[in-house]
1. What pairs in Lys76/Lys261; Lys165/Lys249; Lys141/Lys240; Lys76/Lys280 have C-alpha atoms more than 29 Å from each other?
2. Between rounded, prolate and oblate, where does segment 40-196 land on the alpha carbon gyration tensor, with a ≥ b ≥ c its root eigenvalues, rounded for a/c under 1.5, else prolate if a/b exceeds b/c?
3. Karplus couplings for segment 207-214 from phi (6.51 cos²θ - 1.76 cosθ + 1.60, θ = phi - 60°), rounded to Hz, Gly and Pro as x?
4. At Arg224 and Lys77, where each label point lies 7 Å from the Cα along Cα→Cβ, what is the point-to-point distance in nanometres?
5. Based solely on its DSSP helices, what 222 nm [θ] is calculated for the chain when runs of n ≥ 4 H residues each add -39,500 (n - 2.57) and the sum is averaged over all residues, nearest 500 deg cm²/dmol?
6. Net charge near Lys18: determine it from the other residues with C-beta under 10 Å of the C-beta of Lys18, scoring Lys and Arg +1 and Asp and Glu -1.
7. Counting Lys and Arg as +1 and Asp and Glu as -1, each charge on the Cβ, what is the dipole of segment 199-329 about the Cα centre in debye, to the nearest 20?
8. Going through segment 103-194, which GluC sites (Glu not before Pro) have at most 13 other Cβ atoms within 10 Å and a DSSP loop state?
Amino acid sequence: MNTLSKQTIWGLVKKGNKSSLYAMIGNTVLAIAKGIAYFVSGSGAMFASAMHSLADSVNQGFVFVGSVLSEKEPTKKFPTGFGRVINLFCMIAVIVVSIMAYETIKEGIHLLSHPAEVKGILLNVSILLLNIIIDGAILVKVMKEIGEEARDIRNGMGIIPGAIKNVKKASPPTRLVFYEDVVAVTGAALALIAVIVSYFTVFQLMDGIVTIIIGFLMVGVAFRVGFDNMVGLIGVAAPKEVEDKVAAKILEHEMVMDIYKMRITQEGRYYHVESYLELKKGLPLSQADDIKFEIQDQLTNDPDITDVTLGIIEDDGIQGWEKNHAPQN
């Protein structure tokens, strides 16, 4: 029986990234509504916003599927697991965003030369307000999820600075949804301003200007997400906070004198730990093995750590780790 059947499809789906699923559903609804509003009103800003919602919907669908597949357990052929699958799916999403951004910027340039008369003001305003509410709700949820993944849960307005501080510690799909929803809410607010200004004033260029701005915001998301996931595909070291936490757990054992060497790599949202420990001199091999397995069990109890490989050597009497890896103030 293969790993996938052991875990069951539904079991994997339940482990998938919830923020990307909700964002996909919400943005599908918004893309359809904005598309209708664009054909009725002719607003370029509404077109840009519709393209952005469509791009978000497709991206987050890709990301959700990738997050499901990345939860597969390691196999003999893939002993380190499937964590990097999500990085691959996020890179596909970047391509989609880039294409949509190009089309949006092109439409904005066209509108600067040939401004369109905005019609159906109530329809446009209603849909854009709905956009801000839906994407705003998704953004609040993803900020809470960043706190959960970073083990830094905050309440109230504290989730905003918490999300900004910890976004790099979040999983790739959560980061993508966060960046895209920040742009989605910003873009909807700009589109709302453009629609109102274009309808009630003679300044018709506002529509094209905002359309181009939204396009470049999408380019920014593509670059940020693309860079993060390119690094993830190559293989990246864990954040220093994770390294410090793992080191502290190891060094709290009374028989561990020092850490000779340690490497922690990140696969998707999970970490792989490899380390050589310096144990107290004179320990029999059987006791040293027991200590090693005890520390391994303690580290693998962390839900973010999938495997731990430890080697043991005798203490050389030199405190190297704490001296060279002291936490920064």
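1. Among Lys76/Lys261; Lys165/Lys249; Lys141/Lys240; Lys76/Lys280, the Cα-Cα distance tops 29 Å for Lys76/Lys280.
2. oblate
3. My calculation for segment 207-214 gives 4, x, 4, 5, 4, 5, 4, 4 Hz in order.
4. Computed distance between label sites Arg224 and Lys77 equals 3.7 nm.
5. -22500 deg cm²/dmol
6. Values: positive: Lys14, Lys15, Lys141; negative: Glu145.
Here the charged neighbours net out to +2.
7. 580 debye
8. Glu117
Bear in mind that the values in this text are calculations on the coordinates, not laboratory data. Values in this document were obtained by computation on a predicted structure and should not be read as measured data. For neighbour counting, all protein chains shown are included, and Cβ atoms are generated from backbone atoms with ideal geometry for every residue, glycine included.
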